[in-house]
Structure formats: structure tokens, C-alpha cells
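Take a look at the structure set out below.
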Amino acid sequence: MQEKPKQNHNIILENRKSLSISGITDVDSFDEREISLYTELGELTVQGRELHIDAMSVETGNMTITGDIWSLVYGDKDRRGPISAIGKLFR
């Protein structure tokens, strides 16, 4: 099995209301106050109010989040892997 090449990881935050993220490898959990996911560069937690995942592509690893975004926090850099069942819901 051929390993998938790494994607770049980028974040674009517009007016603290719209967040575009690339290089996502997995989504751990999400609700209206916190979205936990994994990127090519490790864990990322998005915190805020009325958060909503507008779009996610399993093929490209891109995600768009809207809401009142308060913080972006990186964690463990070693956790990477394929998109989980939760991530596949947004295909």
C-alpha cells in the first residue's frame, strides 16, 4: 500500500468568524463550543461559541468552520492518521 503524501497545513481566520483549515487528517470530536481535530502538524483544538463545521473534504483534508472563534490551541505533534468515521460523515 502506497503512503499518501503529506499535505501542507494552513489556517486562515477571517474576522474571528470564519476559519479555513487545510492538512486535516482526522476529526476527534465536535460540539458548538469545541472542535478537536488532527492535522499534518499534530492536534488542533478550536474553541468558541456556536461553532459549526460548514464543509469538510476527506479527499483534500480541508475544513471550513464558522462561529464566534475564541482560540486555536495546538497539542501533540505526533498524532496523525487516516480520517475516522466521524470525519467520513462530512464527505
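Points worth noting:
- Complete set of residues in the range 23-38 that are buried (at least 17 other Cβ atoms within 10 Å of the Cβ), in contact with an Asp or Glu (Cβ under 9 Å, 6 or more places away or on another chain) and touching a residue at least 12 places away in the same chain (Cβ under 8 Å): 23, 24, 25, 35, 37, 38
- Scan of the range 39-91 for residues that are surrounded by 15 or more Cβ atoms within 10 Å (Cβ to Cβ), at pLDDT 85 or above and small (Gly, Ala, Ser), ordered by number: 42, 48, 57, 61, 67
- Residue in the range 54-66 that is farthest from residue 27 (Cα to Cα), counting only those that are touching a strand residue (DSSP E or B) at 6+ places or on another chain (Cβ under 6 Å) and in a strand (DSSP E or B): 66
The values are calculated or read from the model by the stated rules, or taken from the named source; none is laboratory data. Being a predicted model, the structure only gives us computed values, none of them experimental. Cβ coordinates were reconstructed from backbone atoms using ideal geometry, including for glycine residues, and neighbour counts include every protein chain displayed.
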